[in-house]
1. Just give me the residues in the range 176-226 being touching a residue at least 24 places away in the same chain (Cβ under 8 Å), in a helix (DSSP H, G or I) and open to solvent by 50 Å² or more (accessible area, probe 1.4 Å), in sequence order.
2. Condition check: out of contact with any Asp or Glu (no Cβ under 6 Å at 6 or more places or on another chain), farther than 18 Å from T81 by Cα and part of a loop (DSSP other than H, G, I, E, B). Does T7 satisfy that?
3. Would you confirm whether any residue within the range 115-131 is in a helix (DSSP H, G or I) and either out of contact with any helix residue (DSSP H, G or I) (no Cβ under 9 Å at 6 or more places or on another chain) or over 29 Å from T214 (Cβ atoms) (or both)?
4. I'd like to know if the range 144-163 contains one or more residues that are in contact with a Pro (Cβ under 8 Å, 6 or more places away or on another chain), at pLDDT 85 or above and of a type in the set (S, T, N, Q).
5. For the range 162-169, indicate whether the set of residues that are within 29 Å of K36 (Cα to Cα) and either hydrophobic (A, V, I, L, M, F, W, C) or in contact with a Leu (Cβ under 7 Å, 6 or more places away or on another chain) (or both) is non-empty.
6. Write out, first by first residue and then by second, each pair whose Cβ atoms fall under 7 Å of each other, whose residues are 6+ apart or on separate chains, and whose first residue, in the range 151-175, is over 22 Å from Q8 (Cα atoms) and among the hydrophobic types (A, V, I, L, M, F, W, C) while the second is open to solvent by less than 10 Å² (accessible area, probe 1.4 Å) and assigned to a helix (DSSP H, G or I).
7. Among the residues of the range 137-169 satisfying the criterion of being crowded, with 17+ Cβ neighbours inside 10 Å and of a type in the set (F, W, Y), which is farthest from A61 (Cα to Cα)?
8. Can you list the helices (runs of 4 or more DSSP H) found entirely within the range 23-96 that contain at least 3 residues being over 19 Å from E154 (Cα atoms) and open to solvent by 10 Å² or more (accessible area, probe 1.4 Å)?
Amino acid sequence: MTNLSQTQELFRRAEAVCFDVDSTVIKEEGIDELAKFCGVGDAVTEMTRKAMGGSMTFKKALTERLSIIRCSREQVNKLITDHPPQLTPGVRELVDRLHERKVKVFLISGGFRCIVEHVATQLNIPLHHVYANRLKFYFNGEYAGFDESQPTAESGGKGKVISVLKEQYGFKTVVMIGDGATDLEACPPASAFIGFGGNVVRPQVKERSSWYVTSFGELSKELEKI
């Protein structure tokens, strides 16, 4: 694990920065918002807490939560229209600054592609830079499960995505930013991990992060040091 000054330096010269989405780039946990919208909020929020704390495998938690929600395509579309994801303050400016420096920005999420693509569009991140889970629906629009072949459906999936990115683009320095256990475990293969506590503080992530920030302004300020 890198120390604080090493992590800061790696961030300043990163070729790619990968962001978690739920409770990092956006204020909410997308799956919890979907559950609330479908009337099963409390049961799912408790399971999300366990999954984020690392006491249950991610895939098991995802499967169990979705089997409670059983959202239709129509409900998902209505959620995005009626309650669009709220960007965390400062993230738009940070992503713009990274883009200006020709840094590649990726969104790697255990959430759902339909919601994450909406976020990517707001941040001018190309959709082929989005890695997230895909919900499946029957022809009549009813819930049919999720694509279990996506790397983000598994514990350790974010690390697998970063390995693929390094191979595909030849990146030497990739930084992962996120709030949860699944983000922390992506380093390595990520060169460095930055813990984010601007929306929710997860103690085990804070303790194990050599650099822990509570606002994206701290990261934007770091880029000015070059």
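The values are calculated or read from the model by the stated rules, or taken from the named source; none is laboratory data. Computed from a prediction, not measured in an experiment: that's the story for all the values here. Here the Cβ is made from the backbone with ideal geometry for all residues, glycine too, and neighbour counts use every protein chain on show. We work out accessible area using only protein heavy atoms, side chains counted, and drop any ligands, DNA or RNA first. Shrake-Rupley method; radii C 1.70, N 1.55, O 1.52, S 1.80 Å.
1. Restricting attention to the range 176-226, the residues satisfying the condition of being touching a residue at least 24 places away in the same chain (Cβ under 8 Å) are 176-194, 196, 198-200, 202, 204-205, 208-211, 215-217, 219-220, 222-223, 225-226.
Keeping just the survivors that are in a helix (DSSP H, G or I) gives 181-184, 204-205, 208, 216-217, 219-220, 222-223.
Listed by number, the residues that qualify are Q204, R208.
2. Numbers: out of contact with any Asp or Glu (no Cβ under 6 Å at 6 or more places or on another chain): yes; farther than 18 Å from T81 by Cα: yes; part of a loop (DSSP other than H, G, I, E, B): no.
Taking the combined requirement at face value, the residue does not satisfy it.
3. Initially, the range 115-131 is screened for residues in a helix (DSSP H, G or I), giving 115-122, 127-129.
Add one more test, that the residue is either out of contact with any helix residue (DSSP H, G or I) (no Cβ under 9 Å at 6 or more places or on another chain) or over 29 Å from T214 (Cβ atoms) (or both), and what stays is 127-128.
Looking through the range 115-131, at least one residue is in a helix (DSSP H, G or I) and either out of contact with any helix residue (DSSP H, G or I) (no Cβ under 9 Å at 6 or more places or on another chain) or over 29 Å from T214 (Cβ atoms) (or both).
4. Checked the range 144-163: at least one residue is in contact with a Pro (Cβ under 8 Å, 6 or more places away or on another chain), at pLDDT 85 or above and of a type in the set (S, T, N, Q).
5. Applying the first criterion (within 29 Å of K36 (Cα to Cα)) to the range 162-169 yields none.
No.
6. A153/L62; V161/T152
7. Of everything passing the filter in the range 137-169, Y143 is farthest from A61 (Cα to Cα).
8. Working: elements: 30-37, 41-53, 58-69, 73-82.
Fully inside the range 23-96 and qualifying: 30-37, 41-53, 73-82.
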